[in-house]
Amino acid sequence: MTENDKLQTIRPLGDANKFIGSWKLVAITSDGKITAWRGAKPTGLITYHESGWMAAQIQPDRAPVGMAGASPTGDEALRALYGYTAYFGTFSVDETAKVITHHRKGCISPGWQAHPNFQRAYVFEGDDRVLLRPLGNKNELIWERLR
């Protein structure tokens, strides 16, 4: 068995394989326009591992949140978390429907267990760009592969 054959047995074939790696957030748009609540230049990272696990983080474009003391006040903590997304879990891909599902196992947002599965329509633009659109939502998250 060659090294390439070993990789083929570890990594899934098809679209699921195209997701494997780390991606940086380029923009979040709604109806083609930048979304105001995350700012003009939010930052983010999403990683898909060949084991089937994934993790995502998005930080809004904002000034750093300062703290008056060693621990944040309630208001400081709220400002730090507002608009921030972070979760991890497993993922699955439905190539026929062109939908990727993030099966969250942990999340920064309270109450996430009520909706543990995030479904997103996806469109690959070449090998290094993917558009993710949450189902039932006009937002589009544009990601570029890290090299």
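Among the numbered criteria (1) part of a loop (DSSP other than H, G, I, E, B); (2) aromatic (Phe, Trp, Tyr); (3) at pLDDT 95 or above, which one does Tyr122 miss?
Tallying (1) part of a loop (DSSP other than H, G, I, E, B); (2) aromatic (Phe, Trp, Tyr); (3) at pLDDT 95 or above, Tyr122 fails exactly one: (1).
With the requirement that a residue be closer than 17 Å to Leu146 by Cα and out of contact with any Gly (no Cβ under 9 Å at 6 or more places or on another chain), what does region 27-45 give you?
Ala27, Thr43, Gly44, Leu45
Find the residue count for region 70-117, including only residues that are in contact with a Lys or Arg (Cβ under 9 Å, 6 or more places away or on another chain) and part of a loop (DSSP other than H, G, I, E, B).
Count: 5.
Taking region 106-141, which residues are more than 20 Å from Ala16 (Cβ to Cβ), in contact (Cβ under 8 Å) with a residue 12 or more places away in the chain and among the aliphatic types (A, V, I, L, M)?
Residue satisfying the conditions is Ile108 alone.
Is it the case, given these coordinates, that Ser109 is surrounded by fewer than 16 Cβ atoms within 10 Å (Cβ to Cβ), modelled with pLDDT under 95 and among the hydroxyl-bearing types (Ser, Thr, Tyr)?
Here the answer is yes, as Ser109 does meet what is asked.
In this structure, does Val99 turn out to be touching a residue at least 60 places away in the same chain (Cβ under 8 Å), more than 17 Å from Pro42 (Cβ to Cβ) and of a type in the set (A, V, I, L, M)?
Criteria not met by Val99.
For region 46-69: of the residues being touching a Gly at 6+ places or on another chain (Cβ under 8 Å) and part of a loop (DSSP other than H, G, I, E, B), which is modelled with the lowest pLDDT?
Once the filter is applied, the top-ranked residue is Arg62.
Can you say whether Ser92 is exposed (fewer than 14 other Cβ atoms within 10 Å of the Cβ) and either modelled with pLDDT of 95 or more or among the hydroxyl-bearing types (Ser, Thr, Tyr) (or both), as far as the supplied structure shows?
Here the answer is no, as Ser92 does not meet what is asked.
Restricting to region 125-139, what's the tally of residues that are at pLDDT 95 or above and surrounded by 13 or more Cβ atoms within 10 Å (Cβ to Cβ)?
Number of matching residues: 6.
The values are calculated or read from the model by the stated rules, or taken from the named source; none is laboratory data. Everything numeric in this text was worked out from a predicted model, so none of it was measured. FYI the Cβ positions are ideal-geometry reconstructions off the backbone, even for glycines, and counts take in every protein chain you see.
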